[in-house]
Every structure is written in C-alpha cells, then in structure tokens.
Amino acid sequence: MIRCAPSRFRPHRRHASRLRLNQRPASRRLRRRPPARLPLCAALLCAIFLLCASMLLCPPALADPFPLGEDLSETVTVFYNGEDASDGQYVYTCRFPVIADSSELSAVCVNEYYAKKLQEDLTFYVLIDADDYGSRYQSVTKDVSYTITCNNDDYFSVLIRKATDLEDGEHAEEWEGNTFSRTGEMVGQVTSLPNLLGEVKSGESDDWLEDRQSEKVCEVLCDLIWQRIQSGTEGMVYRPDLKKEDLELLINPMFSLDHDFYMNESGDLVFFFRPGSIAPEEAGLITFTFPLEDLLDEL
C-alpha cells in the first residue's frame, strides 16, 4: 500500500470569510500558546542581561606589562698597545633590558633587538671608538645604560643613555629612544613617529610618499615645539641665538623620527634634545611632552 503524506487543508475561497469569523482574537491566541515558551524566553533574556553586566564589571583582560629579567650586560677593555695598560685603555660598559617571559612575539623581538645592538657595539663601534680616542686620550670610559619609560599593554619604551668620560674631566652624552609596539601591524618593531601617527603604514613601499609624509610630521612637530619655546611655557632659558631654522635642522626626517623620542607611562610622546643643542649644556637633556591626540589633531 502506498501512503501519501497528508496535505495541509486549504479552504475554498468562498469559505474563507466564514473561517475568519470563527477564529479567535490575536490576544487570546497568544495566551493559548504552550506555556513552556515564556520561561524559555525569560531565561534567555536573563542570560543576556547577566552577560552584559559581567562584561561591564569585568572587562576583557589586557596584556600585562612585560616582566623584566636580568640585564643583558657586558664590560670590555681595549688596550691601546696589546695587553699593556700603560699605553692607555678604552673601557666600554653596557646594560640593556631583557624581557623575562618570551612567550609573546613582541617580547622575543625586544630581546633580539638588544642582543643584536650589543653584538654590533662589541664588533664594530667599540673598536672604532677605541681607535679614535686612543690617538688623543690615555684613558676613556663609555657607559651605556637605560631607563624604561613605558611598559603597558600597547607599548614598551626605553631611553638609552651613552655617557663618555675622558681623562681631562670632559664629559659627553648621547641619548636614544626605542619605542616598541606590542600590537597591530608594527608588533615587536621599533616604531617611528610617522607610524605612530598613522602617516606611514607598515610595509609601505612608496619611498616618495613615505618621505613626504615624514616631512609633514617633522614640520608639524617643529612648529609646535617652536611655539612652546617662544611662549616660554617650559620655564627654560634657551640659547639666545636659537632660531627656528636651527630647530628644523635638529628635527629632521633623516634623523629624528625613530630614536629622538620616547613614550611615558601615560602614552604621551616625549621629544628630547641633547645637552647644549638648544639650551646651555648645563641645562642637561631638554624635553617636550605632547599627548598623541594633540599631534593627530595638528595633522
């Protein structure tokens, strides 16, 4: 026997009005729905409410600040005459930060960056310095140290100080900022100012466009710093012969966009000038702090 599936009954058109008259009002049909649906809807709404409340009270966890390990350090002595210290020597001492937990990609990149920097110093710059100073001074020491200025969920920023002391009491300092991104396209890399401001994208290959955008950032930064110098809001006495053209030479896209700034714990950008460059040398390192939003507004 062949059994056909029952078809849905469809009344003839002339009976349709009569059937509609026999139907109950919509409100009564709702009350006649199976009662099990109402508790289900209520439970669903309650779960959504609890989920939203938990997200407000307990926001998603962010990455923790980097845990620091033992410094990467080294001391090297170069004698000007073989192993005989009587003819003078050059002593190089350094320490760089090390991230203890290297499970994060950016932490691995930071550790590799400073390991490479130390290797370059030992195999190249130390020998050049020793050869240069050895022809003029009997004893020279160079100390490289660091200060961590920002260690939060998004950035890890370090200020490097290189102090050189000569036998006649002369002292010189060099400064370098390294700001590493922990997120986004630039993760683990030393981030330049145009990258931070979004003017140059990661992997951008148009050299002309990149140079033009970098020049634009430098122009804006130079204008803002010159305005502060002119207004005297920093409370600093600058060189009396200082001109804006001098500032433009210092804030140059060839030199200033990678290492002439660092980030503080508030996420503000701090730009610095070496002692003696725009103010008397005894004034030390000169800094100008700008919230990132202020720079973005000017662009």
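Scanning the range 265-279 for residues that are modelled with pLDDT of 90 or more and not aromatic (Phe, Trp, Tyr) yields 265, 266, 267, 268, 269, 270, 277, 278, 279.
The rows are residues; the columns are (1) under 26 Å from residue 282 (Cβ atoms); (2) of a type in the set (Lys, Arg); (3) surrounded by fewer than 15 Cβ atoms within 10 Å (Cβ to Cβ); (4) touching a residue at least 60 places away in the same chain (Cβ under 8 Å).
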| position | (1), (2), (3), (4) |
| --- | --- |
| 128 | no, no, yes, no |
| 131 | no, no, yes, no |
| 159 | yes, no, no, yes |
| 170 | yes, no, yes, no |
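Are any of the residues in the range 116-124 within 30 Å of residue 86 (Cβ to Cβ), in contact (Cβ under 8 Å) with a residue 12 or more places away in the chain and touching a helix residue (DSSP H, G or I) at 6+ places or on another chain (Cβ under 6 Å)? No, the range 116-124 contains no residue that is within 30 Å of residue 86 (Cβ to Cβ), in contact (Cβ under 8 Å) with a residue 12 or more places away in the chain and touching a helix residue (DSSP H, G or I) at 6+ places or on another chain (Cβ under 6 Å). When restricted to residues that are within 15 Å of residue 71 (Cβ to Cβ) and of a type outside the set (Val, Ile, Thr), the range 93-131 contains 12. For residue 234, the stated conditions hold: it is modelled with pLDDT under 95 and not assigned by TED's automatic domain parsing to the domain that holds residue 85. Among the residues of the range 137-154, write down those that are over 20 Å from residue 273 (Cβ atoms) and buried (at least 21 other Cβ atoms within 10 Å of the Cβ). Of everything in the range 137-154, those that are over 20 Å from residue 273 (Cβ atoms) and buried (at least 21 other Cβ atoms within 10 Å of the Cβ) turn out to be 140, 142. Evaluate the range 163-173: report whether one residue or more is within 25 Å of the chain's Cα centre (by Cα), of a type in the set (Ser, Thr, Tyr), closer than 24 Å to residue 273 by Cα and in a strand (DSSP E or B). No, the conditions are met nowhere in the range 163-173. Scanning the range 191-217 for residues that are buried (at least 19 other Cβ atoms within 10 Å of the Cβ) and at pLDDT 75 or above turns up 191, 192, 193, 194, 195, 196, 197, 213, 214, 217.
The values are calculated or read from the model by the stated rules, or taken from the named source; none is laboratory data. Everything quoted here is computed from the prediction, not taken from an experiment. Virtual Cβ from ideal backbone geometry, glycine too; neighbours counted across all protein chains shown.
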